[in-house]
Amino acid sequence: MTTTFAALVDRARSLAGGRGRAVLGIAGAPAAGKTTLARHLVRALSEAGVAVAHVPMDGFHLADAELDRLGARDRKGAPDTFDALGYAALLRRLKEDADEMIYAPGFERTIEQPIAGTIPVPPAARLIISEGNYLLVDDPRWRPVRPQTDEIWYLDLDQEERLRRLVERHVRFGKPEADAIAWATGTDERNAEIIMATRNRADLIIPATVLDDIDAAPSADGRTPTRSGT
């Protein structure tokens, strides 16, 4: 069955149509296009009148100072270099929808650091879209995430193209090309293997053609959108 972006928008909108607040997760390996998909879903749903908020997992990266203390700086981005339980707790709080305003942390790629309190989620938001690498990982740290979501989708991108985009992203944010290639094929690739092993746990597998459709379509302001993020 062919999956289109329009079909994804309809499926996400149906999640938001329930009695309570819904949480939709988007998983996938680094540079698969998770952030691109999330942002376009938010835009399309907002234009359709759905109150939606985007809360990425990346705000739960441990700060470099803590990674240094743990001796894990050279593995930054691995499953144990995130505050996974803190992320699950935020999703639970969002799902419970009991607070007037909830502030989520963001992640600033120019400095590669999490920043607290940068994403406001008002009570009007009926759907939360949260993308990240490890939403489907089944270990004690990450297992509490799944029960706080209504669905988790897995974005599947060709490995060669994904690596090309990953190297390009590392270079764009300041790594020399040789270092970017080494990181993408080393630390990032080890993490990608963990993530790809979770593919079959997803509620929906999304093919790369959906991103191609998004790239080809003009945005609301008439410009062709570009990929960014994870």
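Computed from the coordinates by the stated procedures, all read-outs in this text should not be read as laboratory data. In this text, all values refer to a predicted model and were calculated from it rather than measured experimentally. All Cβ positions, even for glycine, are placed from backbone atoms using ideal geometry, and neighbour counts span all protein chains on display.
Some points to look at:
- Label-to-label distance, ILE111 versus ARG73, with points set 7 angstrom from Cα along the beta-carbon direction: 1.7 nm.
- Overall, the anisotropy analysis places segment 88-151 in the oblate class: the square-rooted eigenvalues a ≥ b ≥ c of its C-alpha gyration tensor yield a/c not less than 1.5, with a/b not exceeding b/c.
- Note on ALA178/ARG43: beta-carbon distance plugged into 1/(1 + (r/R0)^6) with R0 of 41 Å gives a FRET efficiency of 0.65.
- Global geometry of the chain, whether rounded, prolate or oblate, following the gyration tensor of its Cα atoms and the 1.5 cut on a/c: oblate
- Structure-based [θ]222 nm, the chain - -39500 (n - 2.57) summed over DSSP H runs of at least 4, per residue, nearest 500: -11000 deg cm²/dmol
- Rounded to 5, percent antiparallel among DSSP beta bridges of segment 5-216: 30
- Reachable lysines from LYS175, criterion Cα separation under 24 angstrom, eight or more residues apart if same chain: LYS34, LYS76
- Förster radius 25 Å - calculated FRET efficiency between ASP97 and MET196 (Cβ-Cβ, nearest 0.05): 0.15
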